[in-house]
Amino acid sequence: MNVPFVSFKPLEKVLDKELREAFERVYESSWYIGGKEDSLFEEEFADYCNTKYCVGTGNGLDSLMLSLKALGIGVGDEVIVPANTYIATALAVTYVRATPVLVDPDINTFNIDPNKIEERITSKTKAIMPVHLYGQPCDMDPIMDIAKKHNLYVVEDCAQAHGAIYKGKKIGTFGDAAGFSFYPGKNLGALGDAGAMVTDDSEIADKVRALGNYGSDYKYHHIYKGNNSRLDEMQAAFLRVKLRMLDETNEDRRRIANRYLNEINNPKIILPTVPDYCQPVWHVFGIRCEDREKLEKYLNDNGIGTNKHYPIPVHLQDCYKDLGYSEGDYPMAEEISTTELSIPMYYGMSDDEIEQVIRLVNSF
């Protein structure tokens with residue numbers, strides 16, 4: 001039996017009729033940018049996140065970048081980001097012409113280690129950008145305490161964690177703003193690129209909206225040197241359909257994750273740690289293995305799809321050579337990058353498929 005790393009088919013089968021109706025509704029309207037689908041999705045997603053405002057954007061990277069821009073972060077400023085993350089987190093900082101300052105992760109949760117943040121703060125630091133990696137919430141209480149102590153903004157990167165909960169509260173509600181990606185593979189995925197930022201601050205929301213619309217507050221009047229980054233009507237309509245099933249699809253991912261956590265018992269495999277304070281949504285289920293390449297080949301040869309998140313950490317990427325980092329500077333991020341392997345995780349996995357993954361991981 002082959003088990004793909006990810007499949008959209010089970011969810012698309014359930015939602016096929018509604019997605020086609022959403023397409024027809026927008027197509028018949030002949031209104032594709034800045035219409036009622038976008039407005040309704042923003043209202044519905046803000047309500048889902050328990051925030052006051054939501055602003056649709058073109059993608060998740062832009063959601064982060066525009067949030068930083070709206071907060072006035074720019075040339076000469078520094079932003080704390082985790083060393084173990086997708087490169088978009090760092091790029092958002094770079095795109096506002098600030099400098100990303102990396103902090104090593106906690107090896108057990110893969111998230112930024114709050115105990116290592118303060119030593120990286122300087123007089124130039126303006127914000128902390130925690131990433132709820134793989135759908136697991138960061139430990140937000142100490143992060144917010146540090147931010148308050150040093151008068152720093154907090155912009156949450158929620159690109160992989162739609163609906164995740166930290167101490168009974170949705171992620172995306174702790175910082176000044178939060179960015180979400182709706183890339184098709186996300187827990188809440190569009191049928192193309194899309195994103196959104198959420199906040200409780202009306203001034204930030206208004207500024208992000210203007211910045212994403214060429215810096216315009218009304219037609220042909222430009223108050224900022226803005227960007228073109230808007231959530232289009234078609235993707236908003238698709239997202240409205242999928243949002244109604246998000247809690248159900250997240251719960252199904254927890255079903256799969258619980259089986260992995262309880263039934264994978266190979267001593268060569270290190271399972272992710274789930275702190276008591278959080279309820280992950282398992283965008284990715286990442287295991288660790290010292291023989292990662294052999295494990296990957298073994299699983300692939302036996303029909304199990306896998307992925308690596310992420311084989312080259314940010315500080316060792318060619319595009320960030322200018323930051324002056326070297327191998328060994330972030331040992332935890334480097335350890336994860338050489339040992340992490342993501343195994344199948346998607347809505348609608350059958351019991352037989354889950355058992356096949358578990359059996360083969362255990363037999364490695």
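Annotations for the structure displayed:
- Here A257 meets the list (1) over 30 Å from N362 (Cβ atoms); (2) of a type in the set (G, A, S); (3) open to solvent by less than 20 Å² (accessible area, probe 1.4 Å) almost entirely, failing just condition (1).
- Output for segment 4-22, where each listed residue is open to solvent by 40 Å² or more (accessible area, probe 1.4 Å), over 23 Å from T57 (Cβ atoms) and not in a helix (DSSP H, G or I): P4, F5, V6
- D47 being under 18 Å from D176 (Cα atoms) and of a type in the set (D, E, K, R): yes
- Selection within segment 23-38 - open to solvent by less than 60 Å² (accessible area, probe 1.4 Å) and either under 15 Å from E353 (Cβ atoms) or within 25 Å of the chain's Cα centre (by Cα) (or both): G34, E37, D38
- Against the numbered list (1) within 22 Å of V101 (Cα to Cα); (2) modelled with pLDDT under 95, Y277 comes up short only at (1).
- Check on D200, open to solvent by 50 Å² or more (accessible area, probe 1.4 Å), of a type in the set (D, E, K, R) and at pLDDT below 95: no
- In segment 97-132, residue most open to solvent (accessible area, probe 1.4 Å) [restricted to those that are touching a Gly at 6+ places or on another chain (Cβ under 9 Å) and either part of a helix (DSSP H, G or I) or of a type in the set (V, I, T) (or both)]: T99
- Counted residues, segment 175-188 - those being surrounded by fewer than 20 Cβ atoms within 10 Å (Cβ to Cβ) and either small (G, A, S) or in contact with a Cys (Cβ under 9 Å, 6 or more places away or on another chain) (or both): 1
- Pick from segment 306-347, criterion assigned to a loop (DSSP other than H, G, I, E, B) and over 21 Å from the mean Cα position of the chain (by Cα), ranking: nearest to D104 (Cα to Cα): Y330
The values are calculated or read from the model by the stated rules, or taken from the named source; none is laboratory data. Nothing here was measured: the structure is a model prediction, and the numbers come from that model. Quick reminder, even Gly has a Cβ in these numbers, built from the backbone with ideal geometry, and neighbours come from all protein chains shown. Accessible surface is based on the protein model in full, side chains and every heavy atom, while ligands, DNA and RNA are left aside. Shrake-Rupley method; radii C 1.70, N 1.55, O 1.52, S 1.80 Å.
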